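**Student:** Could you have a look at this structure, given as structure tokens, before my questions?
The values are calculated or read from the model by the stated rules, or taken from the named source; none is laboratory data. Being a predicted model, the structure only gives us computed values, none of them experimental. Backbone-built Cβ (ideal geometry, glycine too); neighbour counts: all protein chains shown.
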Amino acid sequence: MTAPPVRSFRTLYVSLLVAVLLWSTASIAAEHETGAHVETQQLDFQTVVDLLASGSNHDLLEVRRIGMLLFAVPFNKFDGFGDGPFDPSEGPPTEFGHRPTLQNNGMFLRVNGLDAQACNECHTVVSNATRPPTLGLGGAGTVAQNAMPVGTVIDVADSADDRTQFASGHDPDLQLVEDGSADYNGRFINPPFLFGGGGVELLGKEMTSDLQKLLVMAEESPAGSKIELRTHGVDFGYIIAKGGGVVELHPDGIGPVDFETADPREVLVVRPFGRKGENFSMRDFDRGATQFHFGIQPVEVVGEDVDEDRDGVVNEITVAEMSALHVFDVTNPRPRRRSLDPKTRAGLAAFHRVGCASCHRPTLTTRSTHLTLAHPEVATEPHANIYAQIDLRKAGFGRSGSGLKVPLFADLKRHKMGDRLAESCEACTEIANDEFTTARLWGIADTAPYLHDGRATTLFEAIEFHGGEAQQVRDDFLALSELDRDQLLAFLRTLRTPRRPNRELLEP
């Protein structure tokens, strides 16, 4: 498809949409149906590039609207929803494209994905502090919307039934004893909101770029040299130069458990997305999410015209569509903070005094105001294959020198959080079960429930569950006077989600 002139895109797109809707209506009348996102599949990647390059707010809005449509579209079988026919010989039944379905329904699985038809089914709650809750695109999820990845066994009945057989060797062993625990060897993840994601991605890319440069410095340094892995005020460990280009990594809060056998460049990638820090960009997250939740295979993962899951549909989500979805993700407005009064100012002081701010950094600052977008993305090279850049001041971020203030209340690294919060996941071999990325507290007043799985229904409970590296901070919080605790919690309740997020995308 030849890219149309940039300025005529809106007219072309609206005309195309109307034509598709008319064609779809006629098809239904003829007892035929079509995919739910057939209109956006006509979008060409070069058109996205041209629109973003124009620098026009109008053209950026158009790409954001297309991304919003993809975020909200309920994928169906004609789009390639699902994993196709099940064949155990194809590979492990937990892998994308090869999963069974619940009771052989042919569509959904729920444990280990195939659990929704649209992104907005999980990201719906702008505020759970209002009555009734405020809903909107890009919000957080309730526990009912939790995802359950990589699970293979779940003992929902707390069973002692000898007919149920568990494979040996699970870590932890799933024993058939009635102990009040519905044993499960997977993950249980509460969906966070998307707000402010562009600022987080920009921070992560700048940090990765710095760490990669420090690695090169270590490779070129004399044996015995120690290079601190510090960027944007955050400490990610250090490197010892061994000479001759060989280095010894000592990472902190970054990289896999088995970092000694991994490529050092892959270890030193900041991955701020996912509860355990699995994804380096929102697009990287989306590539896995579309496969996990919907069984929709991105072209940039499986290839052009490749029917990887054998469901009869190819090119299930195109490069252009993924690009528009990425633009929608990173232009979601940032959360806000209410003005502080004497009580909440005292609470902020207590927040610092007990040590919360050592991990929940109130603000990190970028060097640039512009987030670069790339295709194909290279985790270790944030500046490779750039096709566009977006000024994040348009997403509500304030200027600080040459860059932006990102008031996220986090440090973008992982920490060990203790046995009480540890997951029981056999397949989670790259990241330890007790490690999680520091939760970003911006917007926390509106986003109950809390923690990675939503087990904490109040802010007090969320803090009380902290352990591991946060044990002392948790103990110091509990040792505060009742007045000081109330002031600290009152401060946290000043951290709010955006007002009317993405409303401009719904207006004509």
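**Student:** From the list GLY355, GLY312, GLY347, pick out the single residue that is among the small types (Gly, Ala, Ser), closer than 30 Å to ALA72 by Cα and touching a residue at least 40 places away in the same chain (Cβ under 8 Å).
**Tutor:** Details: GLY355 fails: closer than 30 Å to ALA72 by Cα; GLY347 fails: closer than 30 Å to ALA72 by Cα.
After applying the criteria, what remains is GLY312.
**Student:** Would you confirm, using the coordinates I've provided, whether ALA374 is surrounded by 18 or more Cβ atoms within 10 Å (Cβ to Cβ), free of Cβ contacts under 8 Å to residues at least 60 places away in the same chain and touching a Phe, Trp or Tyr at 6+ places or on another chain (Cβ under 7 Å)? Outline the logic, then answer.
**Tutor:** On the way: surrounded by 18 or more Cβ atoms within 10 Å (Cβ to Cβ): yes; free of Cβ contacts under 8 Å to residues at least 60 places away in the same chain: yes; touching a Phe, Trp or Tyr at 6+ places or on another chain (Cβ under 7 Å): yes.
It is true that ALA374 is surrounded by 18 or more Cβ atoms within 10 Å (Cβ to Cβ), free of Cβ contacts under 8 Å to residues at least 60 places away in the same chain and touching a Phe, Trp or Tyr at 6+ places or on another chain (Cβ under 7 Å).
**Student:** Determine whether ALA490 is crowded, with 22+ Cβ neighbours inside 10 Å, in contact with a Gly (Cβ under 8 Å, 6 or more places away or on another chain) and among the aliphatic types (A, V, I, L, M).
**Tutor:** The answer is no for ALA490.
This table checks each residue for (1) in contact (Cβ under 8 Å) with a residue 24 or more places away in the chain; (2) closer than 30 Å to THR366 by Cβ; (3) of a type in the set (S, T, N, Q).
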residue: ARG399; (1), (2), (3): yes, yes, no
residue: CYS428; (1), (2), (3): yes, no, no
residue: ALA448; (1), (2), (3): yes, yes, no
residue: GLY467; (1), (2), (3): yes, no, no
residue: GLN471; (1), (2), (3): yes, no, yes
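**Student:** While we're looking at this one, here's another question. How many residues are among the aromatic types (Phe, Trp, Tyr) and either over 29 Å from GLY295 (Cβ atoms) or modelled with pLDDT under 95 (or both) if we restrict to the range 38-76?
**Tutor:** As a first pass, look at the range 38-76 and keep what is among the aromatic types (Phe, Trp, Tyr): 45, 71, 75.
Cutting the leftovers down to either over 29 Å from GLY295 (Cβ atoms) or modelled with pLDDT under 95 (or both) gives us none.
Qualifying residue count for the region: 0.
**Student:** Let me ask something else about it. State yes or no: is ARG414 of a type in the set (D, E, K, R) and in contact (Cβ under 8 Å) with a residue 60 or more places away in the chain?
**Tutor:** Values: of a type in the set (D, E, K, R): yes; in contact (Cβ under 8 Å) with a residue 60 or more places away in the chain: yes.
Yes: the conditions hold for ARG414.
**Student:** Taking the residues in the range 486-508 that are assigned to a loop (DSSP other than H, G, I, E, B) and in contact (Cβ under 8 Å) with a residue 12 or more places away in the chain as candidates, determine which candidate is farthest from ASN128 (Cα to Cα).
**Tutor:** So in the range 486-508, the residues assigned to a loop (DSSP other than H, G, I, E, B) come out as 493-494, 497-502, 507-508.
Cutting the leftovers down to in contact (Cβ under 8 Å) with a residue 12 or more places away in the chain gives us 493-494, 497-502.
On the way: ARG493: 12, THR494: 14, THR497: 10, PRO498: 13, ARG499: 13, ARG500: 14, PRO501: 15, ASN502: 18 Å.
The residue in question is ASN502.
**Student:** Scanning for something surrounded by 15 or more Cβ atoms within 10 Å (Cβ to Cβ), under 26 Å from the mean Cα position of the chain (by Cα) and of a type outside the set (S, T, N, Q), does the range 235-246 turn up at least one residue? Reasoning before the result, please.
**Tutor:** Step one: of the range 235-246, the residues surrounded by 15 or more Cβ atoms within 10 Å (Cβ to Cβ) are 236-242.
Imposing the further condition that a residue be under 26 Å from the mean Cα position of the chain (by Cα) reduces the set to 236-237.
If we keep only those that are of a type outside the set (S, T, N, Q) as well, we get 236-237.
Within the range 235-246, one or more residues are surrounded by 15 or more Cβ atoms within 10 Å (Cβ to Cβ), under 26 Å from the mean Cα position of the chain (by Cα) and of a type outside the set (S, T, N, Q).
**Student:** OK, next. What number goes with the only condition from (1) touching a residue at least 24 places away in the same chain (Cβ under 8 Å); (2) surrounded by fewer than 18 Cβ atoms within 10 Å (Cβ to Cβ) that ARG361 does not pass?
**Tutor:** (2)
**Student:** Hey, among ALA422, ALA445, ALA432, which residue is hydrophobic (A, V, I, L, M, F, W, C), at pLDDT 95 or above, in the same structural domain as THR344 (by TED's automatic domain parsing) and surrounded by 18 or more Cβ atoms within 10 Å (Cβ to Cβ)? Full working, then the answer.
**Tutor:** Numbers: ALA422 fails: surrounded by 18 or more Cβ atoms within 10 Å (Cβ to Cβ); ALA432 fails: surrounded by 18 or more Cβ atoms within 10 Å (Cβ to Cβ).
Of ALA422, ALA445, ALA432, the one residue that is hydrophobic (A, V, I, L, M, F, W, C), at pLDDT 95 or above, in the same structural domain as THR344 (by TED's automatic domain parsing) and surrounded by 18 or more Cβ atoms within 10 Å (Cβ to Cβ) is ALA445.
**Student:** Another one. Which of the residues belonging to the range 46-68 are in contact with a strand residue (DSSP E or B) (Cβ under 7 Å, 6 or more places away or on another chain) and more than 22 Å from PHE195 (Cα to Cα)?
**Tutor:** Listed by number, the residues that qualify are VAL49, ALA53.
**Student:** Check off (1) among the basic types (Lys, Arg); (2) in contact with a Gly (Cβ under 8 Å, 6 or more places away or on another chain); (3) part of a loop (DSSP other than H, G, I, E, B) for ARG474 and give me the number that stays unchecked.
**Tutor:** Here ARG474 meets the rest and fails (3).
**Student:** Would you be able to tell me the number of residues in the range 131-150 that are farther than 22 Å from LEU70 by Cα and in contact (Cβ under 8 Å) with a residue 60 or more places away in the chain?
**Tutor:** 3
**Student:** Would you pick out the residues in the range 250-266 that are hydrophobic (A, V, I, L, M, F, W, C) and surrounded by fewer than 20 Cβ atoms within 10 Å (Cβ to Cβ)? It would help to see each step written out before you state the result.
**Tutor:** Quick first cut of the range 250-266, residues hydrophobic (A, V, I, L, M, F, W, C) only: 254, 257, 259, 262.
Residues satisfying the conditions are VAL257, PHE259, ALA262.
**Student:** Kindly indicate which of ARG367, ARG361, ARG353 is within 26 Å of SER127 (Cα to Cα), outside the structural domain of ASP44 (by TED's automatic domain parsing) and at pLDDT 95 or above. Steps first, please.
**Tutor:** Details: ARG367 fails: within 26 Å of SER127 (Cα to Cα); ARG353 fails: within 26 Å of SER127 (Cα to Cα).
Being within 26 Å of SER127 (Cα to Cα), outside the structural domain of ASP44 (by TED's automatic domain parsing) and at pLDDT 95 or above holds for just one of ARG367, ARG361, ARG353, which is ARG361.
**Student:** Follow-up. Just to be sure I understand, how many residues within the range 335-375 are under 15 Å from ALA490 (Cβ atoms), in contact with a strand residue (DSSP E or B) (Cβ under 7 Å, 6 or more places away or on another chain) and outside any strand (DSSP E or B)?
**Tutor:** Matching residues across the range 335-375 total 1.
**Student:** Of the conditions (1) crowded, with 23+ Cβ neighbours inside 10 Å; (2) farther than 30 Å from GLY139 by Cα, GLU321 satisfies every one except a single condition; which number is it?
**Tutor:** For GLU321, the exception is condition (2).
**Student:** I'd like to know if the range 382-405 contains one or more residues that are farther than 30 Å from VAL49 by Cβ, of a type in the set (Gly, Ala, Ser) and outside any helix (DSSP H, G or I). Please lay out each step first, then the result.
**Tutor:** Here is the first cut: in the range 382-405, the ones farther than 30 Å from VAL49 by Cβ are none.
Within the range 382-405, not a single residue is farther than 30 Å from VAL49 by Cβ, of a type in the set (Gly, Ala, Ser) and outside any helix (DSSP H, G or I).
**Student:** Here is a further query. Would you mind telling me which numbered condition in (1) within 27 Å of ARG265 (Cβ to Cβ); (2) among the aliphatic types (A, V, I, L, M); (3) not in a loop (DSSP other than H, G, I, E, B) VAL378 fails?
**Tutor:** With (1) within 27 Å of ARG265 (Cβ to Cβ); (2) among the aliphatic types (A, V, I, L, M); (3) not in a loop (DSSP other than H, G, I, E, B) applied to VAL378, the lone miss is (3).
**Student:** Taking HIS415 as meeting all but one of (1) within 27 Å of LEU489 (Cβ to Cβ); (2) of a type outside the set (A, V, I, L, M, F, W, C); (3) assigned to a loop (DSSP other than H, G, I, E, B), write down the number of the exception.
**Tutor:** Evaluating HIS415 over (1) within 27 Å of LEU489 (Cβ to Cβ); (2) of a type outside the set (A, V, I, L, M, F, W, C); (3) assigned to a loop (DSSP other than H, G, I, E, B) leaves (3) as the failure.
**Student:** In addition: Does GLY224 fit the bill of being assigned by TED's automatic domain parsing to the domain that holds ASP210 and either within 19 Å of the chain's Cα centre (by Cα) or crowded, with 20+ Cβ neighbours inside 10 Å (or both)? Reasoning before the result, please.
**Tutor:** Values: assigned by TED's automatic domain parsing to the domain that holds ASP210: yes; either within 19 Å of the chain's Cα centre (by Cα) or crowded, with 20+ Cβ neighbours inside 10 Å (or both): no.
No.
**Student:** Looking at ARG485, ARG455, ARG420, ARG493, which one is basic (Lys, Arg) and under 23 Å from the mean Cα position of the chain (by Cα)? Talk me through it step by step, then tell me what you get.
**Tutor:** Numbers: ARG485 fails: under 23 Å from the mean Cα position of the chain (by Cα); ARG420 fails: under 23 Å from the mean Cα position of the chain (by Cα); ARG493 fails: under 23 Å from the mean Cα position of the chain (by Cα).
Residue meeting the stated conditions: ARG455.
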